[in-house]
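Chemist: Handing you this structure, nothing more for now.
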Amino acid sequence: MTRITINLPDKYSFSVDIPVRISDINPGGHLSWDAMFNILDEAHVRFWNSLDLSEIEGKGISRIMVDAGINYKRQAYHGQTLRVEIGVAELTGRSFDLVYKVTDADNGDEIARAKTGFLCFDYRRQKVVPVPEELKARLK
């Protein structure tokens, strides 16, 4: 089986610490796969808020997630605090990726790495559009 490969960027433009809650734990006693997606989603919302960008920009342009992947490196447990660092990769005319490095906030051990791919979408015209110049500038 071919594994997803996620290369980490040279730099990260955002970092946030998120605790692992008891509701994030699966019957095996560690962080569940779906809870990791929720943690990444929380980090990604905070990333956009740090840039003062809402989900839907002016003129009805939005960023829509078109793919997502996670590589797990080790387990995480209730009571741990995860540090999620986010960097931008593959910024093109119509798309970009956010790459996430998830570590134990206390000791730096890598827990996971993830990637989400985005397109810009015009809801009024119902079509993919180029990444707005203002967004490109903020992501760089």
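The values are calculated or read from the model by the stated rules, or taken from the named source; none is laboratory data. This one's a predicted model, so the numbers in the text were calculated from it and none came from an experiment. Virtual Cβ from ideal backbone geometry, glycine too; neighbours counted across all protein chains shown.
Chemist: Taking GLY79 as meeting all but one of (1) surrounded by fewer than 18 Cβ atoms within 10 Å (Cβ to Cβ); (2) in contact with a Leu (Cβ under 6 Å, 6 or more places away or on another chain), write down the number of the exception.
Modeler: That leaves (2) as the condition not met.
Chemist: How many residues, within region 59-80, are part of a strand (DSSP E or B) and within 19 Å of ILE4 (Cβ to Cβ)? Let's see the steps before the verdict.
Modeler: Taking region 59-80 as the starting set, the residues that turn out to be part of a strand (DSSP E or B) are 61-72.
If we keep only those that are within 19 Å of ILE4 (Cβ to Cβ) too, we end up with 65-72.
Matching residues across region 59-80 total 8.
Chemist: Now, a different point. Considering only residues of region 1-27 that are of a type in the set (Asp, Glu) and within 23 Å of VAL45 (Cβ to Cβ), which is modelled with the lowest pLDDT?
Modeler: Start the filter on region 1-27 by keeping residues that are of a type in the set (Asp, Glu), which leaves 10, 17, 24.
Imposing the further condition that a residue be within 23 Å of VAL45 (Cβ to Cβ) reduces the set to 17, 24.
On the way: ASP17: 98, ASP24: 94.
In this case the residue turns out to be ASP24.
Chemist: Output the number of the condition that ARG113 fails; it satisfies all remaining conditions of (1) outside any strand (DSSP E or B); (2) closer than 26 Å to LYS11 by Cα; (3) touching a residue at least 24 places away in the same chain (Cβ under 8 Å).
Modeler: Failed condition: (1).
Chemist: Sticking with this one: If you go through region 18-48, how many residues are among the hydroxyl-bearing types (Ser, Thr, Tyr) and surrounded by 13 or more Cβ atoms within 10 Å (Cβ to Cβ)? Spell out the reasoning first.
Modeler: Keep residues of region 18-48 that are among the hydroxyl-bearing types (Ser, Thr, Tyr), which gives 23, 32.
Imposing the further condition that a residue be surrounded by 13 or more Cβ atoms within 10 Å (Cβ to Cβ) reduces the set to 32.
Count: 1.
Chemist: Among the numbered criteria (1) surrounded by 19 or more Cβ atoms within 10 Å (Cβ to Cβ); (2) not in a strand (DSSP E or B), which single criterion is violated by THR92?
Modeler: (1)
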